[in-house]
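J.: Sharing a structure, written as structure tokens. Questions coming.
The values are calculated or read from the model by the stated rules, or taken from the named source; none is laboratory data. These numbers were taken from a predicted model, which means no experiment stands behind them. No Cβ is skipped: glycine too gets one built from the backbone with ideal geometry, and neighbour counts run over all protein chains shown.
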Amino acid sequence: MGMFARLARLIKSNINALISSSEDPEKMLNQLIIDMAEQLAVAKRQVAGAIADEKRLARQVENQRKVAEDWEKKAMLAVRAGNDALAKEALARKNEAATLATQFQDQWQKQKTAVDQLKLALRALNNKIEEAKRKKGILIARKKRAEAQKAIHETLSGLKNASAFEAFDEMAGRIEQMEAEAEASAEIAEQYEGDVLAHKFRELETTTGADQDLVELKRKMGLLPPEPQPEPVIAQPATAAAPADQVRVDEEFAELDEAEQAELARALAELEAEEAQMQVKR
């Protein structure tokens, strides 16, 4: 576990160095992820070495056990041959191999326990790095949102400055003054350089239209009597061909207003009625 303690101290020192030297949190987070990945690679290599040692010890245990079995078989062979002295030497070698096998077994057991712990620690470290990768995106998003909020607050703070509003109002006043001067120049040009008579008629039309609108409004409100309706015009009988005098009379008749047309129509109707009665009497 000392290896991982050293690794943690190394990562912590790298983080402190980055925090003190970096001004951009996004760059710092990216660099931290890179450093963590590099340290994880180093830890994986070290754990792999420990696993290799554990497997080597396991093979040594197995080898010494086989050596012990071989010497035991040789001791049996010596006994069958009636050579007890040779059998004793073979048993001595067998006991030596068995002792080594026991020692290697003890070392292998300790190494296996350490390897299991290293695997758990490595898995935990890998999970922390993966979690850091996931949190990096959230932290970067929070950083960008904070920057945007800061920029908005700075803009609003600048707008709260009274001098900015005063300058804006001053510009608006200048534009209004320019518009008024332009209108005055156009009016002067029209009065003294354009058609004066046409200008007077336009003013008269504007005044007449306003007066007519006022009369219509008063009639709508009941303050004035309604506008008198024109009397119906009596249609004249059509003739086959109208002489020149009749055409001239019709033109003059058309130039009269409605009231005069109605009066003239009544007079003509009465005249035609009298002529008809006179013809009947004849």
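J.: With respect to Pro237, determine if the residue is modelled with pLDDT of 75 or more and either within 30 Å of Glu270 (Cβ to Cβ) or assigned to a loop (DSSP other than H, G, I, E, B) (or both).
T.: Considered against the rule, which asks whether it is modelled with pLDDT of 75 or more and either within 30 Å of Glu270 (Cβ to Cβ) or assigned to a loop (DSSP other than H, G, I, E, B) (or both), Pro237 comes out as no.
J.: Pull up region 88-107, narrow it to residues that are surrounded by fewer than 16 Cβ atoms within 10 Å (Cβ to Cβ) and among the charged types (D, E, K, R), then point me to the one that is farthest from the chain's Cα centre (by Cα).
T.: Looking at residues that are surrounded by fewer than 16 Cβ atoms within 10 Å (Cβ to Cβ) and among the charged types (D, E, K, R), I get Lys88.
J.: Another question, if that's okay. State all residues of region 72-96 that are of a type in the set (A, V, I, L, M) and in a helix (DSSP H, G or I); if no residue qualifies, say none.
T.: Hits for region 72-96 are Ala75, Met76, Leu77, Ala78, Val79, Ala85, Leu86, Ala87, Ala90, Leu91, Ala92.
J.: Kindly provide the set of residues from region 108-118 that are in contact (Cβ under 8 Å) with a residue 12 or more places away in the chain and within 60 Å of the chain's Cα centre (by Cα), ordered by number.
T.: So in region 108-118, the residues in contact (Cβ under 8 Å) with a residue 12 or more places away in the chain come out as 108, 111-112, 114-115, 117-118.
Hits for region 108-118 are Gln111, Lys112, Ala114, Val115, Gln117, Leu118.
J.: Looking at the structure I just gave you, is Glu69 part of a helix (DSSP H, G or I), more than 37 Å from the chain's Cα centre (by Cα) and modelled with pLDDT of 85 or more?
T.: When the stated conditions are applied, Glu69 passes them.
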